[in-house]
Amino acid sequence: MNQSIKLLQFSDTHLFADGDGRMKGVKTAVTLEAVVDLAKSVEHEVDYVLVTGDISQDCTPASYELAAEIFSRLGRPAYTLPGNHDEDIPLKQSPLMSGLFNAENHFLAGDWIVILLDSVIHGMIAGRLSHDELVRLDNLLKKHADKHALVCLHHNPVNMRPDREDPVMLKNPDDFFAVIDSHANVRAVIWGHVHQEHFEERRGVRLMACPSTCIQFKPTSTGVTIDEQTPGYRRIVLNADGSVTTKVMRLSALPEGLEVTGEDL
Ligand SMILES: [Fe+2]
């Protein structure tokens, strides 16, 4: 095949059962609808939608139904993986999610394989990839060595904070990168969780984070705080030669009600 695959990554929607539910003063359903509307207006020929965790803030079935309804407006297959806020509803097993989101944790698209990992630790904000999940990743990369690979998870596998350790990032990044490094076909790793844009390259692999569809965080010397950036999503084009073209797209205005408190989170 010689086609490009276009994905849109949305993350950290933090929805409530109540569509008027607010996080830091922001109605999260309203900002998600605005971000989806933006994507609908500027994106053409989208192949897949990825939702990289923290879909719900209150873990209610109604919040997931709301997410599914809003993402269905894009009219494309949506794949999701869990974030730390999603642990009470195992997305992969929930009958609620079947038919709303695709339950598969990997899929093939053209010359690419897209692998979705579960990095949630029960009861923790920080993440960890289990032995089973690392073996699954290793096996998929081996089995599909002829495909370029995009690897997706919720937690950041690199420390993105200045001058300090990130206590809520992936706890076993060395185990993760040991698997990544042992295969020649991984082209990019993407995540959510950090509510901010990030791009770096490590041994030829692109490492990228995505803004939240609601509030944004800013790394500081003492922690993270609310950033006055607008909600958005990441466009990712997977080219047949293994290259990746990507751009973060954002709303033009800050969400109504945003409380820029300055407190450390
Ligand atoms: Fe998170």
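The values are calculated or read from the model by the stated rules, or taken from the named source; none is laboratory data. Fair warning: this is a prediction, and the values are worked out from it, not measured in the lab. Heads up, the Cβs are rebuilt from the backbone with ideal geometry, glycines too, and the neighbour counts pull from every protein chain shown. These accessible areas exclude ligands, DNA and RNA; they are computed on the full protein's heavy atoms, side chains included. Shrake-Rupley method; radii C 1.70, N 1.55, O 1.52, S 1.80 Å.
In this view, the solvent-accessible surface of residue 131, computed with a 1.4 Å probe and all protein chains in place, comes to about 140 Å². Taking all protein chains into account, the per residue accessible area for the chain stands at 42 Å² (1.4 Å probe). In the elastic network of the chain, a GNM with C-alpha springs shorter than 10 Å, the most mobile of 76, 164, 187 is 164.
Once you've got the GNM for the chain with C-alpha springs shorter than 10 Å, pick whichever of 64, 233, 48 has the biggest mean-square fluctuation. Looking only at 64, 233, 48, the largest GNM fluctuation is found for 48.
Ranking 24, 142 from most to least accessible surface, computed with a 1.4 Å probe over the protein chains only, gives 142, 24.
Indicate the gyration tensor shape class of region 5-250 (rounded, prolate or oblate), computed on the Cα atoms with a ≥ b ≥ c the square roots of the eigenvalues: a/c under 1.5 is rounded; otherwise a/b larger than b/c is prolate and the rest oblate. Walk me through the numbers on the way to the answer.
Working: a/c = 1.37, a/b = 1.19, b/c = 1.15.
Rounded shape, in that the Cα axes give a/c under 1.5.
Remark: region 5-250 carries a charge dipole of roughly 460 debye about the Cα centre, counting +1 on each Lys and Arg Cβ and -1 on each Asp and Glu Cβ.
Per-residue ellipticity at 222 nm from helix content only, as computed over the chain with -39500 (n - 2.57) for each DSSP H run of at least four residues, stands at -6000 deg cm²/dmol.
With a 1.4 Å probe rolled over the protein heavy atoms of all chains, the accessible area of 111, 174 falls in the order 174, 111, largest first. Only Cα pairs under 8 Å and 6+ residues apart enter the sum, and on that basis the relative contact order of the chain stands at 22 percent. In whole percent, and with a 1.4 Å probe on the protein chains, what portion of the accessible area of region 5-250 is carbon and sulfur? About 49 percent, which is the carbon plus sulfur part of the accessible surface.
Taking all Cα pairs closer than 8 Å and separated by 6 or more residues, the relative contact order of region 169-265 comes to 20 percent. For residue 218, the solvent-accessible surface computed with a 1.4 Å probe is close to 80 Å², ligands and nucleic acids excluded. Hey, how many Å between the Cα centroid of region 112-177 and the Cα centroid of region 191-265? Centre-to-centre (Cα) distance: 18 Å.
Computed over protein heavy atoms with a 1.4 angstrom probe, the accessible surface ordering of 22, 234, 206, largest first, is 22, 206, 234. Note that region 191-203 has calculated 3J(HN,Hα) couplings of 8, x, 6, 8, 6, 7, 7, 8, 8, 8, 10, 10, 6 Hz, one per residue in order, obtained from phi through the Karplus relation 6.51 cos²θ - 1.76 cosθ + 1.60 (θ = phi - 60°); glycine and proline are x.
Let me make sure I get this right: for region 183-265, a, b and c are the square roots of the gyration tensor eigenvalues over alpha carbons, sorted descending. Under 1.5 in a/c it's rounded, otherwise prolate if a/b > b/c, else oblate. Which is it? Oblate is the answer for region 183-265, as a/c is 1.5 or above yet b/c matches or exceeds a/b. Using a probe of 1.4 Å, the accessible surface attributed to residue 197 totals some 100 Å² when neighbouring protein chains are kept in position.
The value of relative contact order for region 110-212, using C-alpha pairs under 8 Å at least six residues apart, is 26 percent. When the listed pairs 6/147; 27/218; 6/27; 24/218; 147/171; 6/171 are checked against a 24 Å cut-off, the alpha-carbon distance exceeds it for 6/27; 147/171; 6/171.
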